[in-house]
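The values are calculated or read from the model by the stated rules, or taken from the named source; none is laboratory data. Here the structure is a predicted model, which means the values were calculated and not measured. Glycine gets a Cβ as well: all are built from the backbone with ideal geometry, and neighbour counts include every protein chain shown. Protein only, heavy atoms only, side chains kept; ligands, DNA and RNA dropped before computing areas. Shrake-Rupley method; radii C 1.70, N 1.55, O 1.52, S 1.80 Å.
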Protein chains: 2
Amino acid sequence: MKKLINKPEDVVLEELKGIEKAHPDLVKIHYAPDYIIRADAPVKGKVALISGGGSGHEPMHGGFVGMGMLDAACPGAVFTSPTPDQMLEATKAVDGGAGVLHIVKNYTGDVMNFQMAADMAKEEGIDVEAVVVDDDVAVKDSLWTAGRRGVGLTVLMEKLVGAAAEEKRPLKEIANLARKINGQGRSMGMALTSCTTPSAGKPTFDLPEDEMEIGVGIHGEPGRTRTKLQTADQITETLMKAIVDDLPFMSGDKVLLFVNGMGGTPLIELYIVYRKAVEIAEKAGLKVVRNLIGPYITSLEMAGTSITLLKMDDDLIKLWDAPVKTAGMRWGI
Amino acid sequence: MKKLINKPEDVVLEELKGIEKAHPDLVKIHYAPDYIIRADAPVKGKVALISGGGSGHEPMHGGFVGMGMLDAACPGAVFTSPTPDQMLEATKAVDGGAGVLHIVKNYTGDVMNFQMAADMAKEEGIDVEAVVVDDDVAVKDSLWTAGRRGVGLTVLMEKLVGAAAEEKRPLKEIANLARKINGQGRSMGMALTSCTTPSAGKPTFDLPEDEMEIGVGIHGEPGRTRTKLQTADQITETLMKAIVDDLPFMSGDKVLLFVNGMGGTPLIELYIVYRKAVEIAEKAGLKVVRNLIGPYITSLEMAGTSITLLKMDDDLIKLWDAPVKTAGMRWGI
């Protein structure tokens, strides 16, 4: 295992120490239970947004805490759900009196633990809503998931709903907006290589030198098919077809096109994929009105990409363009 | 070779097509000769900044074209210098009447070609200055370089000098500022793995599973030592000691600390390195007043990191904080 780490069991703690040293203007770190929280939390009168999940997907979620996105993120161990006490304490710490939205990727542990935290927070008088993200069209059920997995759309949802919260929209409206976004976004990914969690010390799965996994999950869960290597254009065709057919996206739709890097794939390759994805989208009559290209929801050093398409409208475009100031996504401020 | 590409010879062209589709608000692409240019170039009365070099280091340099940074970037083939005609045509295209600064990383091909382009541009009546960046303390001479190599400091210089150009400072002053930055910044990198150029199809160098290269160059050039794997803290100690001793940085100095990812190293590990680097800097009496953490000058999918320290003053801090709007670095706007 080749990693820039010290002891495997200290990876998340030492990452948090680094974030604390790097971004005191943006975030504070709470230890035991661990969570990353906006420097100015709680923001009075604003719905607070919390997400969380296993570590190893950086910048998601900790890198998205700040003005215009999340109020807190709860990091679990690498590829492991955070615990209910992290979520509960974060919920209490960010509540500014307008309630809290939990953004939960659809993995069994995450869903169960966020549910427990929400129940406990409600008992303490905090208004909590939850939205479950399940945008991955690759497989129906998966390792660790009943139903579809939550992947790239989570990044877009955190930005869009974060902007709506800054406008002081009420909790019910924010929760409905999040559900609407989940309903009109779809993703699929693929891997050229596996990744290695620090605690395991060996690759999560085996992938021969001439093969790739289409439809892979962000923890290396199996996808739809294991095939021989193909060109970037062929891979992009496969991902785009699965995504466009699923909603289905219709000619005339405005969309946001997100080409995500899984961690080990260089930016130069993501632009090659983006080039083809736009061409396919335009051929289908879709109008790509916004885009995002880069490693935003990663799987440690896995090489590969995922594509997310989200149907946009004027409100979503306005929310996308609104200022955001986090370590992992920043514009307008 | 596992890459998201089509034909190896089309990699840079297809990347440029992707950038053109993705960022029409920021840049225009000129083909044959290839260069990336600010959408609003030439900017009248502003000194124009050009850099360039081999592709494969993205987002540098093409991702740094836009308001507050570069006016143009000339991409060569992967790890190969661009040609004088690219640089000359870009120079003519961006000149807004106030002259052009060439920011040149110290590699023999880049220096020679930029020199030829500058000579030709001057013959056409354009005022051109050049600064050569040679911040890498690892080795005295190297493959492709007489003297020290230009590495991470280039990113910081493009941001700082870009901000000074937006203030409409004159060419001589801009060039002197760039030389001052080069004089007070130092870097060193290391690799856990090699990388593979698309045209070669096999790793640039061999690095056994239990070894790493300290002082590696951004094209995989040999560094100071090949050693057994060490912890992140030991590696960070080695890099920081070499950098701090070289200038030397002195107790009381204000510094910008830049922890760069080589491409294949996940962000979670960069924060672990940053945590230790800050601790070492503070122990040496340095005051870390600004930072940058992420993959900004990469070597395709190489795993590893480089650290850059730049001595700051009030003018440099103001220039660092000034708005920038590029695909690869953005804040304040």
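Annotations for the structure displayed:
- Residues in the range A:296-333 that are in a strand (DSSP E or B) and within 11 Å of chain B (Cβ to nearest Cβ): A:GLY304, A:THR305, A:VAL324, A:LYS325, A:ARG330, A:TRP331.
- Lone unmet requirement of (1) at positive phi; (2) crowded, with 24+ Cβ neighbours inside 10 Å for B:THR154: (1)
- For the range A:152-203, a residue qualifies if it is away from chain B (no Cβ under 14 Å) and assigned to a loop (DSSP other than H, G, I, E, B), and the qualifying residues are A:GLY152, A:GLU167, A:LYS168, A:ARG169, A:PRO170, A:GLN184, A:ALA200.
- For A:LEU70, the conditions (1) over 25 Å from B:ALA277 (Cβ atoms); (2) out of contact with any Asp or Glu (no Cβ under 9 Å at 6 or more places or on another chain) are fulfilled apart from (2).
- Those residues of the range A:197-215 which are of a type in the set (Val, Ile, Thr) and either farther than 23 Å from B:GLU269 by Cα or modelled with pLDDT under 95 (or both), in sequence order: A:ILE214
- Residue in the range A:258-294 that is nearest to B:GLU15 (Cα to Cα), counting only those that are part of a loop (DSSP other than H, G, I, E, B) and more than 9 Å from chain B (Cβ to nearest Cβ): A:MET262
- Residue count, the range A:21-63 (criterion: surrounded by 24 or more Cβ atoms within 10 Å (Cβ to Cβ), among the acidic types (Asp, Glu) and over 26 Å from A:ASN260 (Cβ atoms)): 0
- Test: A:ALA242 is closer than 19 Å to B:GLU20 by Cα, crowded, with 16+ Cβ neighbours inside 10 Å and at pLDDT 95 or above: no
- Conditions (1) of a type in the set (A, V, I, L, M, F, W, C); (2) within 14 Å of another protein chain (Cβ to nearest Cβ); (3) in a strand (DSSP E or B): number failed by B:LEU13: (3)
- Being crowded, with 21+ Cβ neighbours inside 10 Å, farther than 22 Å from A:GLY63 by Cβ and not small (Gly, Ala, Ser) holds for only one residue in B:LEU267, B:LEU310, and it is B:LEU310.
- In the range A:204-242, the residues that are aliphatic (A, V, I, L, M), within 20 Å of the chain's Cα centre (by Cα) and assigned to a loop (DSSP other than H, G, I, E, B): A:VAL216, A:ILE218
- Test: residue in the range A:110-124 that is closer than 29 Å to A:THR225 by Cβ and within 14 Å of chain B (Cβ to nearest Cβ): no
- Per the conditions (1) part of a helix (DSSP H, G or I); (2) of a type in the set (D, E, K, R); (3) farther than 24 Å from A:TRP320 by Cβ; (4) within 12 Å of chain B (Cβ to nearest Cβ), the sole criterion not satisfied by A:ASP245 is (4).
- Test: residue in the range A:288-307 that is surrounded by fewer than 19 Cβ atoms within 10 Å (Cβ to Cβ), out of contact with any Asp or Glu (no Cβ under 9 Å at 6 or more places or on another chain) and over 19 Å from A:PHE64 (Cβ atoms): yes
For (1) at positive phi; (2) within 14 Å of chain B (Cβ to nearest Cβ); (3) touching a residue at least 24 places away in the same chain (Cβ under 8 Å); (4) in contact with a Gly (Cβ under 7 Å, 6 or more places away or on another chain), each residue gets a yes or a no:
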| site | (1), (2), (3), (4) |
| --- | --- |
| A:ALA22 | no, yes, yes, no |
| A:LYS44 | no, no, yes, yes |
| A:MET67 | no, yes, yes, no |
| A:CYS74 | no, no, yes, yes |
| A:PRO84 | no, no, yes, no |
| A:ASP95 | no, no, yes, no |
| A:GLY99 | yes, no, yes, no |
| A:HIS102 | no, no, yes, no |
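- For the range A:193-216, residues that are touching a helix residue (DSSP H, G or I) at 6+ places or on another chain (Cβ under 9 Å) and open to solvent by less than 50 Å² (accessible area, probe 1.4 Å) total 6.
- Scan of the range A:130-151 for residues that are out of contact with any helix residue (DSSP H, G or I) (no Cβ under 8 Å at 6 or more places or on another chain), farther than 20 Å from A:GLY261 by Cα and not in a loop (DSSP other than H, G, I, E, B), ordered by number: A:SER142
- Filter result for the condition that a residue is touching a strand residue (DSSP E or B) at 6+ places or on another chain (Cβ under 6 Å) and not hydrophobic (A, V, I, L, M, F, W, C), over B:GLU58, B:GLU123, B:GLU89, B:GLU129: B:GLU129
- Qualifying residue in the range A:121-144 (condition: basic (Lys, Arg) and touching a residue at least 40 places away in the same chain (Cβ under 8 Å)): no
- Yes/no for B:THR236 being in contact (Cβ under 8 Å) with a residue 40 or more places away in the chain, at negative phi and among the hydroxyl-bearing types (Ser, Thr, Tyr): yes
- Residues that are open to solvent by 50 Å² or more (accessible area, probe 1.4 Å) and either part of a strand (DSSP E or B) or polar (S, T, N, Q) (or both) within the range A:92-129 comprise A:THR108, A:GLN115, listed in sequence order.
- Check on A:GLY18, touching a Leu at 6+ places or on another chain (Cβ under 9 Å) and at the interface with chain B (Cβ under 9 Å from one of its Cβ atoms): yes
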